[in-house]
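Input: a single structure, listed below in structure tokens.
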Amino acid sequence: MILAAIIISALIIFAVAQVAVGAAVSRSMTTPAQIIFDVHEAIEFCAQALPEATTAELSYDDLRRLLRLHLEWIQAYHWSPENSSASPILLFSEEPLEYIQQRCDVIGLDVSTEDIRRVCEAHYEYLKGIGALHTQSREVSESDLAKPLQVGIEPSVNPEISTSI
């Protein structure tokens, strides 16, 4: 009789443990993978992606500052945890250039607009590589933007979409 009680107790404990572990596993399966932005990795990736003419003019510190300014622009004008949503955030490739150039003037970083453009393009490639950025074709973007027009809502963005987060 005691042996039967021990076996039944062990089976109950095992069943409860299976349910608890199963619930935890199912919760972790639905949680999206965390994307980690590694500054050193981003600098190295972008330095390798830039043409020689640009790397000849920019130091690693300059590149780090430009990447920081680009991230600052993304956060200030497109994304922040407080106002995040499920809809994609549209980025236009020309938008950060003026902002970054102005900030470079403020901090005393002498860099051309063309070098800023190249750094931003390399940075976008890095962000795509780590899964933080998704791009789609112009046709898909235009069809997505046309959908609000069908219900009478005028989109406030230009259909020349380059990137979305």
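The values are calculated or read from the model by the stated rules, or taken from the named source; none is laboratory data. No experiment lies behind these values; they were computed from the predicted model shown. When we count neighbours, we look across all protein chains shown, and the Cβ atoms used for this are built from the backbone with ideal geometry, even at glycine.
Annotations for the structure displayed:
- Restricting the first member to segment 83-106 and to residues that are modelled with pLDDT of 75 or more, and the second to residues that are in a loop (DSSP other than H, G, I, E, B) and crowded, with 16+ Cβ neighbours inside 10 Å, the beta-carbon pairs closer than 7 Å and six or more apart or on different chains are C104/V111.
- Among residues of segment 107-140 being in contact with a strand residue (DSSP E or B) (Cβ under 8 Å, 6 or more places away or on another chain) and either in a helix (DSSP H, G or I) or of a type in the set (S, T, Y) (or both), the one that is modelled with the lowest pLDDT is T135.
- Scanning segment 48-64 for residues that are in contact (Cβ under 8 Å) with a residue 12 or more places away in the chain and more than 17 Å from E114 (Cβ to Cβ) yields Y60, R64.
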